[in-house]
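A quick write-up on the structure given underneath.
Each reported figure results from applying straightforward, stated rules to the coordinates on display, with no laboratory input. What you are looking at is a predicted structure, and each value in this text was computed from that prediction instead of being measured. Reconstructed Cβ throughout: ideal geometry from the backbone, glycine too, with neighbour counts over all protein chains shown.
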Amino acid sequence: PDYPRAIALIDRSLEALMAQGAIATIARRLAALPPAYVQASASLCIWQAWCHALTYQLDAVGPFVDQAEARLHGAEAYAATLPPAEAEVVRLSIAAGLGQSAVIRAQVAGQRGNYVAAAHWARTALPHLPPNEPRMRSLVALTLGQAHQAAGDAPAADQSYLEAAQIIAASEHPF
């Protein structure tokens, strides 16, 4: 099988599938690939981590997020070898990946009821996320709202929930 070609096709389709809530389809596509190919790709590791997080297989999330982050940090050295314009594109992609991995960690911490850790990871994600990434930014705001609510800070929770609603309303992203 031509796995590199299959990976390219799968990777391009995953965002649309996630927008449709087709988590099981994403999981099946990733499961059809040899594990070494998934582990070699930061993007596929992040998608696999999302599948586990969204299906409450929380103990399975960490290794994929760790692997994605290792791949992303490895790509920083590669970016340093590129011409400035190309390097900037790679660095932005790395930052977005690191932001998304922090959002996944925040979601898992929140699902486990550890709202202090969830808030930490949500705040960690923000500087890495692209400004035009409504899905991730709204998840960060929701996570912070839950953390404030758990801490008994209703005004801060309301503000975070309002921010999440505004992000969603302003976006054309199909959630």
Problem set entry | Shape metrics for region 102-175, restricted to C-alpha atoms - Rg then Dmax, Å | 11.5, 33
For this session: For the chain, list log₁₀ I(q)/I(0) at each q in 0.10, 0.15, 0.19 Å⁻¹, using the Debye formula over Cα point scatterers of equal strength and ignoring solvent, two decimals each.
Result: -0.40, -0.89, -1.33
For this session: Quick one: what are the phi-derived ³J(HN,Hα) couplings along region 113-125, Karplus 6.51/-1.76/1.60 with θ = phi - 60°, whole Hz, x for glycine and proline?
Result: x, 9, 6, 5, 5, 4, 5, 4, 5, 5, 5, 5, 5
Problem set entry | Per-bin percent of Cα-Cα distances, region 1-93 [10 Å] | 16, 43, 33, 9, 0
For this session: Find, among the GluC sites (Glu not before Pro) in region 1-101, those assigned to loop by DSSP (not H, G, I, E, B) with at most 15 other beta-carbon atoms within 10 angstrom.
Result: none
Exercise. Using θ = phi - 60° and the Karplus curve 6.51 cos²θ - 1.76 cosθ + 1.60, what whole-Hz ³J(HN,Hα) does each residue of region 90-98 get, with Gly and Pro shown as x?
Worked result: 5, 4, 5, 5, 4, 4, 4, x, 5
